[in-house]
1. Looking for whichever is over 17 Å from Lys88 (Cα atoms) and either in contact with a Lys or Arg (Cβ under 7 Å, 6 or more places away or on another chain) or not small (Gly, Ala, Ser) (or both) here; the options are Leu154, Leu146. Which one fits?
2. Considering (1) open to solvent by 50 Å² or more (accessible area, probe 1.4 Å); (2) touching a residue at least 24 places away in the same chain (Cβ under 8 Å), say which one Val67 fails and leave the rest.
3. Do you know which residues across segment 95-114 are more than 30 Å from Val50 (Cβ to Cβ), open to solvent by less than 80 Å² (accessible area, probe 1.4 Å) and part of a helix (DSSP H, G or I)?
4. Is it the case that Lys133 is modelled with pLDDT of 95 or more, assigned to a helix (DSSP H, G or I), among the basic types (Lys, Arg) and under 23 Å from Leu61 (Cα atoms)?
5. If I filter segment 37-60 down to residues being assigned to a helix (DSSP H, G or I) and touching a residue at least 40 places away in the same chain (Cβ under 8 Å), which single residue comes out as nearest to Ala136 (Cα to Cα)?
6. Glu166 is checked against (1) farther than 23 Å from Gln52 by Cβ; (2) open to solvent by less than 60 Å² (accessible area, probe 1.4 Å); (3) of a type in the set (Asp, Glu) and fails just one. What number does that condition carry?
Amino acid sequence: MNSFITFALLSLLQVLNSNPSYASGRNHTDDTNACRVTRYSRYIKNACSVTQNQQLCFRTLWPFAIVAKNNSSKWARASVAVTITDTKQILRLLLKTRSSAVGKRERVALSDCRELFVDSLGNLYKSLAVLRKLDADEFQQQMSDLATWLSSALTDEDTCLDGFEETSIRSSTVRMIRGRATRCMQLCSNALALLNKLAYDGL
């Protein structure tokens, strides 16, 4: 058995030596992958350059780079989709949080936030639906509607945060909600910036 293994290894080495392309195949693949990563990195840096929260934009939208490339409508759609995911998560948290776990002032803010994030989620879903069926003949009207809905969603999230301004930051529940709401607001801001880029670039 040992002699067979030795023979097989020697045969493989002989093939590699006689055909250098086999030996260099891995390096060629690595170079190709590196080029792709660099290209995708350029795509997302270009898209996120218009946002205020660029690091968050880069982290959350990186998985879409391979599909979106330099397509402004795809970047706007991806950004809204990511914002919807986070908004649903904080809404679940808000609905799950018991009023008895926080003080009176926090209970009022919590109730307001629930309504505000339900409204925000509705506007985000309307936005995503339109972004999925953009039409050149209706483009200007669609951009106007999208700007209205995303701005409204952003205002809702900002209003939710305002409600917690004078609440106790010692509460871990309040800190968690404020942190999640802040992230949602930043994501929504990024989505609005990418929408403005789409409106400027056109279809």
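The values are calculated or read from the model by the stated rules, or taken from the named source; none is laboratory data. All figures in this text were calculated on a predicted structure; none of them were measured in a lab. As a convention, Cβ positions derive from the backbone with ideal geometry for all residues, glycine included, and neighbour counts pool all protein chains shown. To get the accessible areas, we keep the full protein, side chains included, count just its heavy atoms, and leave off ligands, DNA and RNA. Shrake-Rupley method; radii C 1.70, N 1.55, O 1.52, S 1.80 Å.
1. Only one candidate qualifies: Leu146.
2. Answer for Val67: the failing condition is (2).
3. Selection gives Ser99, Ala101, Glu106, Ala109, Leu110, Ser111, Asp112, Arg114.
4. Judged against the criteria, Lys133 is not a match.
5. Ala47
6. (2)
Table: residues versus (1) open to solvent by 20 Å² or more (accessible area, probe 1.4 Å); (2) touching a Leu at 6+ places or on another chain (Cβ under 9 Å); (3) under 30 Å from Pro63 (Cβ atoms).
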site: Arg77; (1), (2), (3): yes, yes, yes
site: Ala81; (1), (2), (3): yes, yes, yes
site: Ile84; (1), (2), (3): no, yes, yes
site: Lys88; (1), (2), (3): yes, yes, yes
site: Leu93; (1), (2), (3): yes, no, yes
site: Leu116; (1), (2), (3): yes, no, yes
site: Ser120; (1), (2), (3): no, yes, yes
site: Leu124; (1), (2), (3): no, yes, yes
